Amino acid sequence: MVEVFKGTTTVGVLCDGGVVLASESRATMGSFIASSTAKKIYQVDDLVGLTTAGVVGDAQSLVRMVQVEARLYKMQRGESMTVRAITSMLSNILSSRRYYPFMVQLIMGGVDRYGPKIYSLDALGGQIEERKIVSTGSGSPVAYGVLEAMYKPGLSVEEGTVLAARAIHNAMKRDSASGDRIELVRITDTYEEVGEPEFQEIMKQL
């Protein structure tokens, strides 16, 4: 079971007015690189994203469940669920399967009427609200070194984007199970995937 959790790096950064989520795109099976274009950040509601580490099939199943429930809630209530509510729902799903768990480690981040929020979740449904930064996966010890050293209160979303990219970039240098491309998502009053031109400008700063 320990081996299942190895093989990725994802990052969440809480910023002033928004959230930045980041990951790399390598999927591994032991020492074999199964894919270099794996998607690890999913939009689950208008202003909520989810990063995934662990078994790909489990993660994708959970993403589909959360997306459907978020849509149903919006149709019935006429408004989006809060980030905390979506996280609690996902936590309950994970907890209900504790004897046959989904082998995942997740970061939920987004913006609602209470402001920007980030939560981390483990395979058994443990839910923690993160106040600054969070990282998951086999490259997280390296990522945390960068995040802890460079994070500062009141970080702008633009600064947070560069910091998240730097953390993933450094993890990719030292963790063989993390690599290929960096994916960056900014969530403020919009959900925005960072495009190639801006990504190249960010890479020049690293």
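Read-outs throughout are calculated quantities, based only on the coordinates presented, and are distinct from any laboratory measurement. Just so it is clear, the structure is predicted and the values come from calculations on it, not from any experiment. Here the Cβ is made from the backbone with ideal geometry for all residues, glycine too, and neighbour counts use every protein chain on show.
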Original post:
Once phi is turned into ³J(HN,Hα) by the Karplus curve 6.51 cos²θ - 1.76 cosθ + 1.60 with θ = phi - 60°, what whole-Hz value does each residue of region 29-41 show in order, with x for glycine and proline?
Top reply: 10, x, 8, 8, 7, 7, 7, 10, 10, 5, 8, 10, 10
Subject >> Karplus-derived 3J(HN,Hα), 6.51/-1.76/1.60, for each residue of region 58-67, Hz, glycine and proline x >> reply: 4, 4, 5, 4, 5, 4, 4, 4, 5, 4
Subject >> Distance between region 131-206 and region 1-70 - C-alpha centres, whole angstrom >> reply: 14
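When ranked by the protection proxy of mean other Cβ atoms within 10 Å per residue, highest first, what sequence do the peptides 65-74, 133-142 form?
Values: 65-74: 15.9, 133-142: 23.7.
The most tightly packed comes first, giving 133-142, 65-74.
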Original post:
Where does region 124-203 land on Rg(C-alpha)/(2.2 N^0.38 Å)?
Top reply: 1.13
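Using Cβ contacts closer than 10 Å as the measure, can you line up 173, 132 from fewest to most? All intermediate terms of the calculation are to be shown ahead of the outcome.
Details: 173 11, 132 15.
Result, fewest neighbours first: 173, 132.
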**OP:** Apply the Karplus parameterisation 6.51 cos²θ - 1.76 cosθ + 1.60, with θ equal to phi minus 60°, to every residue of region 46-52 and state each ³J(HN,Hα) to the nearest whole Hz, in sequence, with x for glycine and proline.
**Re:** 3, 10, 9, x, 9, 9, 10
Subject >> log10 of Debye I(q)/I(0), alpha-carbon scatterers only, for region 9-72 at 0.17, 0.18, 0.27, 0.28 Å⁻¹ >> reply: -0.66, -0.73, -1.19, -1.23
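If packing is taken as the mean number of other Cβ atoms within 10 Å per residue, what is the order of 163-171, 188-196, highest first? Present the calculation step by step, with values, prior to reporting the outcome.
Numbers: 163-171: 25.1, 188-196: 13.0.
My ranking of the peptides, most packed first, is 163-171, 188-196.
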Original post:
Given a cut-off of under 8 Å on Cα pairs at least six residues apart, what relative contact order in percent is computed for region 3-205?
Top reply: 32
**OP:** Find the Rg to Rh ratio for the chain, where Rh is the Kirkwood radius over alpha-carbon pairs and Rg uses the same atoms.
**Re:** 0.95
**OP:** Along Cα→Cβ, 7 Å out, is where each label goes; now give me the distance between the ones at residue 72 and residue 92 in nm to one decimal.
**Re:** 1.1
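Set the Förster distance to 25 Å, then compute FRET efficiency between residue 132 and residue 181 from the Cβ-Cβ distance, nearest 0.05.
The pair residue 132/residue 181 has a calculated efficiency of 0.45.
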Original post:
For residue 134, which sequence-distant residues (separation of 5 or more, or a different chain) have an amide H within less than 5 Å of its own amide H, given hydrogens modelled in the peptide plane?
Top reply: 12
Subject >> Radius, Kirkwood style, for region 88-131 when every pair of distinct Cα atoms is counted (Å) >> reply: 10.8
Original post:
If you project the alpha carbons of region 74-163 onto the principal axes, what extent comes out on each, in Å, largest first?
Top reply: 39, 35, 15
Original post:
Straight-line reach from residue 204: which lysines have a Cα under 22 Å away, not including same-chain ones fewer than 8 places off?
Top reply: 152, 173
Subject >> For residue 28, residues with placed amide H under 5 Å, excluding near neighbours >> reply: 34
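Residue separation times 0.36 nm, minus the C-alpha to C-alpha distance between residue 204 and residue 79: what's the value? Before the final figure, lay out the partial values.
Working: separation 125, 0.36 × 125 = 45.00 nm, distance 4.02 nm.
Working it through step by step, the gained length comes to 41.0 nm.
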